[in-house]
Amino acid sequence: MSSPSSADNSTSLYEKRKAVYPKAVDGPFRRLKWGIMIVALAIYYITPWLRWDRGPYAPDQAVLVDLAHRRFYMFAIEIWPHEFYYVAGLLVMAGIGLFLVTSAVGRAWCGYACPQTVWTDLYQHVERWIDGDRNAQLRLDRAPWGPAKIVRRLFKWSVWLLIAVSTGGAWIFYFADAPTLAQDFVTGNAAPVAYSTVFVLTMTTFIFGGFMREQVCIYMCPWPRIQTAMLDEKSLLVTYKYWRGEPRTHGIKKSADDGALKTGDCIDCLQCVSVCPTGIDIREGPQIGCITCALCIDACDKVMAQIGKPRGLIDYCTLDDAEIEKKGGQGTPLLKTIFRPRTLIYLGLWSSIGFAMLFSLGARTRLDLNVQHDRNPVYVQLSDGSIRNNYTVKVRNMEARPRDVELIVAGLPGAVVWTADTDRVEGRTTVDLRVAPDSIRKVRLFVAAPAKGAERSDFSITAKAKSGNEKGDTDEVVFERPEGSTGEGDEE
Amino acid sequence: MAKNVKDNGPRVDEPTGTEFVGHEWDGIEELNTPLPRWWLLTFYATIIWAIGYTIMFPAWPMISAATAGVTGWTSRGQLEAEMKAQTAKRAPVLAAISATPIEALPAQPQLMSAAVEGGKAAFKVNCVQCHGSGAAGSKGYPNLNDDDWLWGGDMKSLEYTITHGIRNPDHAETRVSQMPAFDGVLSPAEISAVVAHVRTISGQRKGDALSQQGAALFATNCAVCHGPEGKGGRAVGAPNLTDGIWLYGGDADTITETIKKSRQGVMPRWGHKLDTATIKMLAAYVHSLGGGEATPAPQEVAVSNVQPK
């Protein structure tokens with residue numbers, strides 16, 4: 001990265017950023033980047049405004065991370081805190097997905113989809129729209145500060161700030177009802193954390209997209225370093241095919257050299273360098289600064305078309321293919337490069353985790369029972385001679401409607417069941433409960449049984465919804481009696 | 001590794017054009033790559049932040065205390081403010097509990113559950129010393145989880161018991177029951193006959209000649225408080241002798257000792273130590289433990305010697 005002149009001013013311990021003025025370019029990869037940018041930004045800005053009807057007891061926002069109430073809504077899926085493993089599963093999928101993408105198409109995440117890339121790209125478009133293309137930007141940068149430059153700079157920064165504010169602003173809508181929050185935010189009634197979040201994200205967007213840019217990728221982000229370890233000789237890289245391009249024919253008229261001088265296809269026009277958003281020269285080979293955005297491919301293809309050479313002097317190419325092509329062979333077809341054992345294993349892993357999660361999402365029960373035997377005291381002697389055990393029962397109604405639930409005690413001979421709200425009626429082994437929508441009802445269940453019996457008797461408590469055909473949830477629990485209760489009545 | 005020795009300077013790494021520092025570990029050498037300038041600026045920013053922080057908040061240690069900081073913030077002050085906010089948040093609930101007659105509490109489920117939770121906390125502070133952390137009691141200290149009550153297990157009776165205590169000599173309204181010590185009044189043989197009778201009516205022993213003899217003695221000496229059938233009486237705090245629950249123990253030796261020496265358990269009164277809301281919450285908590293009884297009809301209260309507060 002350092003210029004050869006760095007040895008001359010070796011006294012400097014710190015290096016100023018070398019400004020990059022990427023030139024506008026058009027071509028298939030540029031259009032692909034446009035498409036991905038539009039889709040990515042649209043998903044980010046529009047998602048919180050999508051509605052999803054869940055009835056009167058649950059929010060109608062399609063995607064909502066409701067931290068205050070500890071619920072995560074995503075269209076038809078509702079996740080409770082104890083189901084957080086689904087989120088962990090999504091993270092595992094995201095991890096394996098990155099392995100998959102990296103081993104198949106290299107640093108495609110960096111080049112196309114990373115927010116740093118997308119927003120920097122957006123900021124650079126704004127910059128070109130206000131300051132003009134590369135040369136105009138260079139000129140303006142070198143010009144002394146005057147009214148015209150100040151006005152331009154202020155205008156550019158205002159537009160950047162506007163984008164930054166809406167970026168930070170959109171983030172908070174994922175965590176609360178978007179229309180309400182938008183109103184509260186504008187009228188100054190939103191929570192302080194909303195304002196501080198917007199402020200922090202505004203500043204990071206403004207600074208990272210406007211000024212830090214490629215330095216975030218090169219110095220701050222760990223991902224390029226990890227990817228370096230994950231790429232292999234079969235991964236697609238943006239490659240300058242030096243065996244075809246060298247020696248460069250800068251300033252040499254090919255028609256005049258009569259074949260006496262060996263010339264490559266590269267005419268050293270520096271188009272690949274001037275379009276690069278990270279300011280590198282791809283002809284130096286694979287490097288940490290290359291995010292594989294492929295804009296240099298577009299730029300070079302255009303030049304190759306102008307000088308009547310085949311496209312692809314700079315192209316996606318694997319290290320293996322590079323060796324083959326160097327010897328004059330034919331590279332591996334693209335599909336064969338992408339679908340190879342390593343990527344198929346990643347794909348298999350990735351999709352099996354996805355299918356397992358989908359299956360368990362479909363099969364999960366929305367009524368959950370949790371029973372805890374009170375330990376202090378373990379049992380209570382009642383005046384009629386029977387023994388009572390207490391259980392703290394939690395019934396989780398994970399549906400967005402109130403439900404009538406029956407608690408059924410089974411397998412304990414002579415048992416009587418009641419709660420603080422119901423009376424003790426001999427022979428009754430069920431208790432009816434109404435559980436509010438999307439909430440947990442905690443009750444203390446009193447279970448009495450005759451004193452004569454095993455010191456520890458196993459029995460079961462089942463929670464069953466009275467409406468609907470959902471199978472209930474059953475917990476196995478223990479009824480405990482005082483020591484020596486198994487024996488017959490002790491005579492004097 | 002490509003190296004290039006210049007005539008009069010440090011060696012330079014060819015691919016990057018950067019000088020070597022001169023350090024080497026197992027053939028790995030360090031390049032003198034300059035730090036990016038934004039890194040330095042970030043470092044300066046953190047220094048400025050740190051200086052600002054030490055001005056705003058307590059920081060520099062002096063001889064007896066640290067500098068206070070211009071914001072005047074202290075962790076104790078923060079705790080105090082948070083506690084105050086919590087107290088203020090709880091105040092309306094406590095006021096509502098205080099204003100509600102105790103027998104009306106169960107009809108308001110939200111207030112009742114707040115009272116039970118509050119009572120649970122107050123119980124841990126004031127009551128566990130005798131009744132145990134699970135309110136299961138021990139010998140001489142009643143188990144509050146069961147369904148046997150000396151003085152009544154409805155909310156109002158519980159509130160009265162907690163407010164006025166049991167056998168507080170300095171307090172007129174306190175609950176008092178006096179079982180005489182029968183050592184000397186009855187002969188040891190007579191006492192063992194009474195013990196046999198009591199163990200018979202509580203189903204621990206089969207009736208025989210001894211218990212028959214005890215039954216006659218019971219009728220003349222004990223039935224006045226414990227009732228002719230030994231079922232006790234809450235008006236005088238006399239325990240039911242026919243059930244499965246014994247405050248001091250139901251075996252022959254313990255009953256003998258109880259009859260001989262009597263028992264004079266004391267519970268302190270809390271009316272002058274705790275506010276009315278706390279006492280109500282304690283009653284609600286004890287009531288919720290599993291043995292709570294419904295509030296009796298008014299005329300039952302009228303015949304008892306319980307004085308309305």
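Looking at region A:357-396, which of its residues are in contact (Cβ under 8 Å) with a residue 12 or more places away in the chain and of a type in the set (A, V, I, L, M, F, W, C)? Matches in region A:357-396: A:Met357, A:Leu361, A:Leu367, A:Leu369, A:Val371, A:Val378, A:Leu382, A:Ile387, A:Val393, A:Val395. With the condition kept exactly as written, say whether any residue in region B:116-127 is closer than 29 Å to B:Thr242 by Cα and either of a type in the set (S, T, N, Q) or within 14 Å of chain A (Cβ to nearest Cβ) (or both). Yes, region B:116-127 contains a residue that is closer than 29 Å to B:Thr242 by Cα and either of a type in the set (S, T, N, Q) or within 14 Å of chain A (Cβ to nearest Cβ) (or both). Being assigned to a strand (DSSP E or B), more than 14 Å from chain B (Cβ to nearest Cβ) and either β-branched (Val, Ile, Thr) or under 23 Å from A:Ile77 (Cβ atoms) (or both) is the requirement here; does A:Leu369 meet it? It is true that A:Leu369 is assigned to a strand (DSSP E or B), more than 14 Å from chain B (Cβ to nearest Cβ) and either β-branched (Val, Ile, Thr) or under 23 Å from A:Ile77 (Cβ atoms) (or both). Out of B:Ala284, B:Ala277, B:Ala219, B:Ala215, one residue alone is among the aliphatic types (A, V, I, L, M), outside the structural domain of B:Gly152 (by TED's automatic domain parsing) and out of contact with any Pro (no Cβ under 7 Å at 6 or more places or on another chain). It is B:Ala215.
Of all residues in region A:8-47, those being charged (D, E, K, R) and within 14 Å of another protein chain (Cβ to nearest Cβ) number 5. Looking at A:Thr202, A:Thr180, which is the one that is touching a residue at least 40 places away in the same chain (Cβ under 8 Å) and either surrounded by fewer than 14 Cβ atoms within 10 Å (Cβ to Cβ) or not aliphatic (A, V, I, L, M) (or both)? Exactly one of A:Thr202, A:Thr180 is touching a residue at least 40 places away in the same chain (Cβ under 8 Å) and either surrounded by fewer than 14 Cβ atoms within 10 Å (Cβ to Cβ) or not aliphatic (A, V, I, L, M) (or both), namely A:Thr202.
Give the residues of region A:411-441 that are under 46 Å from the mean Cα position of the chain (by Cα), exposed (fewer than 13 other Cβ atoms within 10 Å of the Cβ) and over 22 Å from B:Leu289 (Cα atoms), sorted by residue number. The one that is under 46 Å from the mean Cα position of the chain (by Cα), exposed (fewer than 13 other Cβ atoms within 10 Å of the Cβ) and over 22 Å from B:Leu289 (Cα atoms): A:Ala436. As a summary of the residue check, B:Lys139 satisfies the conditions (1) touching a residue at least 60 places away in the same chain (Cβ under 8 Å); (2) of a type in the set (D, E, K, R); (3) surrounded by fewer than 20 Cβ atoms within 10 Å (Cβ to Cβ); (4) more than 14 Å from every other protein chain (Cβ to nearest Cβ) except for the one numbered (4). Only one entry of A:Ile43, A:Ile38, A:Ile77 meets the criterion of being over 16 Å from the mean Cα position of the chain (by Cα) and free of Cβ contacts under 8 Å to residues at least 40 places away in the same chain, and that entry is A:Ile38. For A:Ala190, the conditions (1) away from every other protein chain (no Cβ under 14 Å); (2) modelled with pLDDT of 90 or more; (3) surrounded by 16 or more Cβ atoms within 10 Å (Cβ to Cβ); (4) closer than 30 Å to B:Pro36 by Cα are fulfilled apart from (4). Residues in region B:13-38 that are at positive phi and within 7 Å of another protein chain (Cβ to nearest Cβ): B:Gly17 only. Of the set (1) outside the structural domain of A:Pro222 (by TED's automatic domain parsing); (2) exposed (fewer than 14 other Cβ atoms within 10 Å of the Cβ); (3) within 36 Å of the chain's Cα centre (by Cα); (4) not acidic (Asp, Glu), all apply to A:Asn376 but (3).
Every condition in (1) within 14 Å of chain B (Cβ to nearest Cβ); (2) at positive phi holds for A:Met220 except the one numbered (2). Scan region A:372-391 residue by residue and report those that are within 8 Å of chain B (Cβ to nearest Cβ) and part of a strand (DSSP E or B). Across region A:372-391, the qualifying residues are A:Val380, A:Gln381, A:Arg388, A:Asn390.
Taking the criterion of being outside any helix (DSSP H, G or I) and surrounded by fewer than 17 Cβ atoms within 10 Å (Cβ to Cβ), the residues of region A:313-330 that qualify are A:Lys327, A:Gly328, A:Gly329, A:Gln330. State whether the residues of region B:46-58 include one that is under 24 Å from A:Tyr14 (Cβ atoms) and within 13 Å of chain A (Cβ to nearest Cβ). Checking region B:46-58: not a single residue is under 24 Å from A:Tyr14 (Cβ atoms) and within 13 Å of chain A (Cβ to nearest Cβ).
The values are calculated or read from the model by the stated rules, or taken from the named source; none is laboratory data. Keep in mind that what you see is a predicted model, and the values were worked out from it rather than measured. Don't worry about glycine lacking a Cβ; one is built from the backbone with ideal geometry, like all the others, and counts go over all protein chains shown.
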